[in-house]
Each structure stands twice: as structure tokens, then as C-alpha cells.
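Below is one structure; the comments refer to it alone.
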């Protein structure tokens, strides 16, 4: 029995609400609440956000080697001579790249797809930088491709498509291990994960 | 077992994520997802949002009569000669004002508190425009104050405080009726609401 928020009859306020609604996960009521909050309690924050958006749009581009966001021709990771150029970890997004980095266990390079295959949404191989990846891996240095796409349906399909595409090349292609997450109690782990961990069990 | 997103080492991107985090209800991961979405899929939307924020900050101010947001000295509702100046409906926010307007059943004027009393958050009578309201109601035209603050603890306390403050003036002070919402099945209505509706029952 909820109702959509009415227009406020203040054009600049309605325009602000409308542009906040364009954000994913922000519905009409949330957009109105955000707009009121910014105007009422956080005008400096609103100004900062406006400037940050404008600045980001102006300077952020894609790394020519790994496709992630950067302000330079080549991103800091790709340009770092201490990284091992023989390993290339393929992730869906810069957030996933950051997650792998935070583990402090990987010293190779990355390739960021900026998405995953999603035929239902019309997102095919060309939309996720698969051709960029194909050109990237033939630099003569890469020896192993580590597929670190998500373990969702789309991520699995994406990993499968990449493996198929790169199979003709003389590269080792691996996938992150599936199994029981660290710290988990078996009682609370979903059965699919336990089943898979049984199949993939390893010598102790 | 979740982890906070790492900094991306792209200053303009980190600044954007940081300024999105300042929005209420947006945590670090949501902020990163919003930033990636805008850069990847909706650059025009990001530009529109930046401009809408800047424009709104520049032109939006408070109505000198009812305290709501407007681009003019007096808002459209207060300036409308067809509204009944004898009734003044007090609401917490422009969103609440819009909700009352959408009912198409109220033809009086409004006063927007832009908040509610919340002693625990240090929000006292002065922070919610109670002094503005006191000056507003003595225009010689207002006869009835309709308290339409929310039926939350804070909203009830705010209504009570306003009633106390305005009691000395010769005005009729009313509160929105409490009761069973339209379309509700009693079986699913909370007991406090039913109890209150019994006490406030009216001739049928």
C-alpha cells in the first residue's frame, strides 16, 4: 500500500532525485531521501560528490594492458616491475582485483573483464573484452591464466568461454579452487559446496 | 567473513567511492559498486548527477513561509491563492508533504519541520524550526494546526512538543487520526493499532 513519491514541483530538486534514481539499487523513495539528506544535512558532501564525479569522468580511463581503471596509459600494477609477468589472473571487476590483492598471496598480473557473459542481457564475448584478453596473452611472457571470475552461473560460463577461447594457445589455464570457505562450519555450508569439496578432495 | 574493498590506487576513483560512501545507507562495497557502474555503464548518468547536484546546491533554498525546498522566495504552494490559509498542516519532510498532497483531500497550507525531535541525536526544538513555526502561525489567518508528523516515537514526541508550544495561542490543534489502515485485514494488523482503533472508535 505504498505510493511513489510525488514530484516536488521544484524543478532542480526533481532533476536531482531523477538523476539519483539512475543509480543501481536506488528506487524513487531512496532517491528522494538521498536528495533531502544532501540538501538538509550534507551540502559539502553533495558538492564533493559533484566534483568527484566530474573529475573521475575527466581523468579515468582503461589500462592498455589489463583493462582496469587508471589515470595513466598503463596502470600501477601492470607497470610494477616486481610483479611476475608469467601469471595472469582474470577477474570480472576492479573490486575482484582488489579482493585478490588484499590476500597478499598473488604476485602476478591481472586482466579485468569489466563484466561477465550474460546472454539473457545481451552481453556476449565481445562486450567483456575477450578480444582484448586474446591480444594480451600472446605477449610471450604469460605462461598461466588463472580464471578468477565469480562462482556464479555467469562467472562460471565466462570462465568456460575464456578457457575454450584460449585452449589453442600453449598456456596453462587454471581456475580458483572450489571448496569449503575458511572458518566455515560444515553444518552451515550449502550442500553443493560440500559435494564439490568431496569430489575435489586433496591429500592431507 | 566479508572484507572491506581495498583502495584502487586510482586517486580519482578512490575519491569518487569516498564521496559516494557519504550518502546515507551506502556502505563501502555499495559505494565501490556504484562508482564502477557509473564509469562502466552510465557515464552520461554520472555527468547528469554531477550537474544536478551542482545546480540544486546553487538554486534551492527554503520557503520563507513554510520552510520547504523551493527555488523562489515563497514556494508554489504557499503562493497559491486557492489554498485555504486557515489550515496549516505540519509535516516532518517535503516527502511527507508530497504524500499528503497526493491524497488530493487537503487544500490548506503546510509547514515543513525538516526533521523531528531526537534528543539522543542532539536534535532539540531549535533544530527543527519550531521557532520558525511559532512565528508562522501568528499571521492572523491560521485557525487550525494539523499535526502530521510520523507516528514513530520521534514523530509523536515532536507532535507533543509542538502542541505544548502552541497551546497558549488561540488555535485549534489536531493530530492525524490513528487507526486501521485502508485495505487492511484485521488479522494482519498489529495489536497496538487495533487497540488504539478500539479506543478511538467512532459512530458508524
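The values are calculated or read from the model by the stated rules, or taken from the named source; none is laboratory data. If you're wondering where the values come from, they're calculated on a predicted model, not measured in any experiment. Ideal geometry is used to build each Cβ from the backbone, glycine not excepted, and the neighbour counts take in all protein chains shown.
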**Prompt:** Would it be correct to say that residue A:130 is closer than 17 Å to residue A:66 by Cβ and touching a strand residue (DSSP E or B) at 6+ places or on another chain (Cβ under 6 Å)?
**Reply:** no
**Sole exception among (1) surrounded by 15 or more Cβ atoms within 10 Å (Cβ to Cβ); (2) modelled with pLDDT under 95; (3) touching a helix residue (DSSP H, G or I) at 6+ places or on another chain (Cβ under 6 Å); (4) within 8 Å of chain B (Cβ to nearest Cβ) for residue A:55, by number** = (2)
**Message:** Where the second residue is modelled with pLDDT under 95 and not in a loop (DSSP other than H, G, I, E, B) and the first is under 14 Å from residue A:39 (Cα atoms) and more than 8 Å from chain B (Cβ to nearest Cβ) and lies in the range A:1-21, which pairs have Cβ atoms under 6 Å and are six or more apart or on separate chains?
**Reply:** A:17/A:31; A:17/A:32; A:17/A:35
**Request:** Keeping to the range B:107-138, report how many residues are under 17 Å from residue B:84 (Cα atoms) and free of Cβ contacts under 8 Å to residues at least 40 places away in the same chain.
**Result:** 3
**Message:** Given the options B:122, B:108, B:76, name the one that is touching a strand residue (DSSP E or B) at 6+ places or on another chain (Cβ under 9 Å) and farther than 23 Å from residue B:171 by Cα.
**Reply:** B:76
**Prompt:** Out of curiosity, is residue A:47 more than 20 Å from the chain's Cα centre (by Cα) and more than 9 Å from chain B (Cβ to nearest Cβ)?
**Reply:** no
**Complete:** Filtering helices (runs of 4 or more DSSP H) wholly in the range A:56-166 for at least 3 residues that are under 15 Å from the mean Cα position of the chain (by Cα) gives A:94-102, A:153-166
**Request:** Answer yes or no: is there a residue in the range A:186-197 that is over 29 Å from residue A:82 (Cβ atoms) and within 21 Å of the chain's Cα centre (by Cα).
**Result:** no
**Item:** Of residues in the range B:58-105 being surrounded by fewer than 22 Cβ atoms within 10 Å (Cβ to Cβ), over 23 Å from residue A:43 (Cα atoms) and in contact (Cβ under 8 Å) with a residue 40 or more places away in the chain, the one farthest from the other protein chains (Cβ to nearest Cβ)
**Value:** B:86
**Fill in**
Residues of the range B:32-41 being surrounded by 15 or more Cβ atoms within 10 Å (Cβ to Cβ) and free of Cβ contacts under 8 Å to residues at least 24 places away in the same chain, in sequence order, are B:33, B:34, B:35, B:36, B:37, B:38
**Item:** Single residue of B:30, B:12, B:50 found to be modelled with pLDDT of 95 or more and closer than 25 Å to residue A:70 by Cβ
**Value:** B:50
